[in-house]
1. Using packing as a proxy for protection, rank 242-250, 115-123 so that the peptide with the highest average count of other Cβ atoms within 10 Å comes first.
2. Would you mind telling me the antiparallel percentage of the DSSP bridges in the chain, rounded to 5?
3. On the first, second and third principal axes, largest extent first, how far apart are the outermost C-alpha atoms of the chain in Å?
4. Roughly how big is the chain's charge dipole about its Cα centre, with Cβ charges of +1 (Lys, Arg) and -1 (Asp, Glu), in debye to the nearest 20?
5. At 20 Å minimum axial length over the Cα atoms and a Kyte-Doolittle cut of 0.5, report the qualifying DSSP H helices in the chain, or say none.
6. So what is the relative contact order for the chain, in percent, with contacts set as C-alpha pairs under 8 Å and at least six apart?
7. With a 10 Å radius around each residue's Cβ, average the other Cβ atoms per peptide and rank 147-153, 206-212, highest first.
Amino acid sequence: MMKRIILCAVALVCCIIGLQAQTQIIAHRGFWKTEGSVQNSITALEKATQGKFYGSEFDVQVTLDGKLIVNHDSKFQGFVIAETPFSKLKKIRLNNGEKLPTLKKYLKEGKKQDIQLILEIKSHKDKKVEDKVASDVVKMVKKMGLENQVEYIAFSLNICEQLVKLTPESKIAYLNGDLAPAELKKKGINGIDYNQKVLFNHPEWVEEAHKLGMKVNVWTVNKVEDMQKFIDMGVDYITTDHPLEVQKLLE
Ligand code: MG
């Protein structure tokens, strides 16, 4: 009888642990605060894989002639990316000596690595360009067989809606922070990826999202006390420039 009670208790504890999935780490713009690495570089992606983080985030922009490249800012070393042909940008190096990565090159490297690729499509002032970029990105991801490894994020609601049409089975999270989870769910968007201030103001959105079967990601959490608060709130992912600090807390 006693043995049976103990077995039941163990099963119950396992069940509770299983239900409360642990928070996972996403390296913001890759793991770049480490030697030889810079934001959005192939090195930053490789370092994130070596760190055994859940994901490595990166930003996708389009050049004047429609080439998809990986860079955070709308300008790259003085050139406005959207107004510059790729032929001019490809000659310039990142600060660690690497070439400016094209999306194709980045995904090709990512495919060799055991890490989720958190692909942010940057907003564009022209909605038609956004639609074309979303379509081109999804086509490339599918052609390379990366549907399960790539997860999408965007500030532009238009881009998120395009992604829902193009790849409804993918993880798609909205970044802009102005909509409650239920409103996004209605549009087929299955995740929120909100600034930490938004989630501190709306802690109820974590549970609301989870009840709707949505994932919760928070950015960019760089203070240890905030990391702990979000772990305690039960978010699914923390996006951070200091992934090792989150890792220490989780251990
Ligand atoms: Mg980003």
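All of the numbers you see were taken from the coordinates with simple rules; none came from a lab. In this text, all values refer to a predicted model and were calculated from it rather than measured experimentally. For neighbour counting, all protein chains shown are included, and Cβ atoms are generated from backbone atoms with ideal geometry for every residue, glycine included.
1. Ranked by mean Cβ neighbours within 10 Å, highest first: 115-123, 242-250.
2. Details: 7 of 35 bridges.
Counting DSSP beta bridges with both partners in the chain, the antiparallel share is about 20 percent.
3. Computed over the chain, the largest-to-smallest principal extents equal 76, 42, 35 Å.
4. With only Lys, Arg, Asp and Glu charged at Cβ, the dipole is about 880 debye.
5. Details: long enough: 2-19 (26 Å, 2.33); 127-143 (24 Å, -0.59).
Helices passing the filter in the chain: 2-19.
6. Dividing the mean separation by the residue count of the chain yields 18 percent.
7. 147-153, 206-212
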